[in-house]
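The values are calculated or read from the model by the stated rules, or taken from the named source; none is laboratory data. Please read these numbers as outputs of a predicted model, since none were measured by experiment. So basically every Cβ, Gly included, is an ideal-geometry build from the backbone, and we count neighbours across all protein chains shown.
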Amino acid sequence: MEHVTSTPTAKAPAERFTGDVYLNMIATPSEPARLTAALVRFTPGARTNWHRHANGQTLYVTDGTGLVGTRDGNVVRVSAGHTIKCPAGEEHWHGATDTTLMAHIAMVVGDADGDGTTWLEPVTDEQYADALNGSR
């Protein structure tokens, strides 16, 4: 057994996120395990860039209300207790609504070269507004 103490909160890198986003690492890969997990907190309006994961991603919402969108225009409104599974290779984004914070635990299983995440371009303000208006 290993007791891991809390990690310092870090501001998420601006080249991968829009708005103010904060991270606390929960698990980092340690052979033979390849799990990366982080508590990610989004301020209102904040969101990830478009991205995809070689082995998929699981998001577990812990607080607030947020959105998860895919390239085909599917947008899901999520809140505490919801789990979203993004399959391998699916381009998607996630973040808070424009009026509420949202926090989730993001989990990915990496490959031999890292966490398997490919970061893409930012979600535009227009795409975000469309997601807010059309989410279910």
**Q.** Matching residues in segment 21-39 - criterion: being touching a Gly at 6+ places or on another chain (Cβ under 9 Å) and modelled with pLDDT of 95 or more
**A.** 21
Q. For segment 97-136, what are the residues that are outside any loop (DSSP other than H, G, I, E, B), closer than 14 Å to residue 40 by Cβ and either of a type in the set (Lys, Arg) or out of contact with any Lys or Arg (no Cβ under 7 Å at 6 or more places or on another chain) (or both)?
A. 102, 104, 105, 106, 107, 108, 117
Q) residue 54: surrounded by 13 or more Cβ atoms within 10 Å (Cβ to Cβ), modelled with pLDDT of 95 or more and of a type in the set (Gly, Ala, Ser), yes or no? A) no
Q. If you check residue 96 against the conditions, is it within 14 Å of residue 17 (Cβ to Cβ) and modelled with pLDDT of 95 or more?
A. yes
Q.
Please go through segment 85-94 and give me each residue that is over 20 Å from residue 15 (Cα atoms) and surrounded by 17 or more Cβ atoms within 10 Å (Cβ to Cβ), ordered by number.
A. 86
(Q) Looking only at segment 1-49, count every residue that is touching a residue at least 60 places away in the same chain (Cβ under 8 Å) and either assigned to a loop (DSSP other than H, G, I, E, B) or of a type in the set (Asp, Glu) (or both) and tell me the total. (A) 7
Q) Has segment 126-136 got any residue that is crowded, with 17+ Cβ neighbours inside 10 Å and either within 18 Å of residue 11 (Cα to Cα) or among the small types (Gly, Ala, Ser) (or both)? A) yes
Q | Hits in segment 25-45 - residues which are crowded, with 16+ Cβ neighbours inside 10 Å and of a type in the set (D, E, K, R) | A | 34, 41
Q. Taking the condition out of contact with any Asp or Glu (no Cβ under 6 Å at 6 or more places or on another chain) and at positive phi, does residue 81 pass?
A. yes
Q) Is it fair to say residue 6 is surrounded by fewer than 16 Cβ atoms within 10 Å (Cβ to Cβ) and within 14 Å of the chain's Cα centre (by Cα)? A) no
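From the list 48, 65, 97, 117, which one is farther than 23 Å from residue 130 by Cα and surrounded by 15 or more Cβ atoms within 10 Å (Cβ to Cβ)?
Values: 48 fails: farther than 23 Å from residue 130 by Cα; 65 fails: farther than 23 Å from residue 130 by Cα; 97 fails: farther than 23 Å from residue 130 by Cα.
Of the residues listed, the single one that is farther than 23 Å from residue 130 by Cα and surrounded by 15 or more Cβ atoms within 10 Å (Cβ to Cβ) is 117.
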(Q) Given (1) under 20 Å from residue 15 (Cα atoms); (2) touching a helix residue (DSSP H, G or I) at 6+ places or on another chain (Cβ under 8 Å), identify the lone condition not met by residue 120. (A) (2)
Q. Of the conditions (1) of a type outside the set (S, T, N, Q); (2) on the phi < 0 side of the Ramachandran plot; (3) assigned to a loop (DSSP other than H, G, I, E, B), residue 69 fails just one. Which one is it?
A. (3)
